[in-house]
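A short worksheet on the structure shown next.
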Amino acid sequence: MDPGRLPTRSSSPLPGRPERGDTLADILERVLDKGIVIAGDIQINLLDIELLTIKLRLVIASVDKAREMGIDWWEGDSTLQSLDGGDGDKRLERENRDLRERLERLERQVGTTGE
Amino acid sequence: VSDELVWAYGVVPARAALSVHATGVAGGAVDAVTDGELTLVVSQVPREQFDAEPLRANLNDLDWLERVAREHEAVLDEVLADTSVVPLRLCTIFDDAGGARRMLDRERDTLARALAHLDGRQEWGVKLLVDGDRLAATAAPAGDQAHGEGGAAYLARRRDERHAREVARTLAVQIVDDVDTSLRAHAVDAVRLRAQNRELSGYTGDMLLNGAYLVDDGEVDALHVTAGALQDRYDDYGAELVVTGPWPPYNFAAGEAAAQPA
């Protein structure tokens, strides 16, 4: 993955700011996770998409320094509640463990070898 | 069995005049399937890549996925320039035009409602990134820290560091709230998305906010002015607001129900 080749569309220029394009993250978070879901004739196994999104989430969870500052609302909480103390880190560890277990289960089910 | 399948991008009003020049996913020509008041934007894709079995393997190949996601997005971007669109999730695929038409008939009410909700509105994304070190330094300047050697000074430094972290944390929450609240004032609907991972996004700062806002056409300029003002307000903290859009309204396509409470 080379972040350098990502931008395509120009983002809206703020005065005095360099323009930045949409990143792969911008696009994937929308086309995979959002958009209206309608059953097509080709039944894709949703496990397959889930497998990939779980991988993406694991990377987020393991590198994001924002979490050190207690910002973890994207874990389903929009009110920035758990800001006091290290509870967020414990929750992160737990969630990471859960995600890894789910990932392994899913990989066994779909018969891929993972990374 | 045909060698081709029908890939669906999104739903638009049948009366809309479309002019799409981008090639579709896997190089197919963009076409339209209409049933009643609704038109599905489609193109043909090769069965050998997009039938259930090969698709399963392809979806787990990030390069393949990136290519297809960008092709899907490029078509929707062009459609968006002409009309309101209900974007479909990646990999909505039909055997043939007949299957696509039957879907339009079956989902008529849901799709018509979604189109009505999105008419005259745009989805914009705003991310707030901060430089964590600069934020901490601004919150608690190093000059205030205790100096010297020995146990007491050490403990004092530890206490100061803890205090600085608390201050930075509180400040971060205040900034996020201010930015999100200010932007929501221009929106009819808004969601906070998960922070993006660095490898995919290429951003080095800490992503404190990744918001999507559904904005009336007439309010878009005001949203940009506000974003510019917020940028100025938090420049000193190493903050950067990144505004992207307009997007196909992925985050609001499911109608009112898609919105999370503010």
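What the table below lists for this structure:
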quantity	calculated
Length-normalised contact order of chain B in % [C-alpha pairs under 8 Å, at least 6 apart]	24
HN-Hα J in Hz across region B:184-193 - Karplus 6.51, -1.76, 1.60, θ = phi - 60°, x for Gly and Pro	4, 4, 9, 10, 8, 7, 8, 9, 9, 9
Solvent-free Debye scattering, log10 I(q)/I(0), computed from the Cα coordinates of chain B at q = 0.11, 0.15, 0.16 Å⁻¹	-0.72, -1.09, -1.18
For B:S201, B:S19, B:S182, B:S84, order by how many other beta-carbon atoms lie within 10 Å, fewest first	B:S19, B:S182, B:S84, B:S201
Estimated FRET transfer efficiency when R0 is 22 angstrom, pair B:R134-B:A229 (beta carbons, to 0.05)	0.65
Cα-based equivalent ellipsoid of region B:118-240: semi-axis lengths in Å, sorted from largest, via gyration tensor	37, 14, 11
Percent of alpha-carbon pairs separated by more than 17 Å within region B:1-145	65
Highest-MSF residue in chain B out of B:E240, B:E48, B:E73 [GNM, Cα springs under 10 Å]	B:E48
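All of the numbers you see were taken from the coordinates with simple rules; none came from a lab. Being a predicted model, the structure only gives us computed values, none of them experimental. Neighbour counts are summed over all protein chains in view; Cβ atoms, including those assigned to glycine, are modelled from backbone coordinates with ideal geometry.
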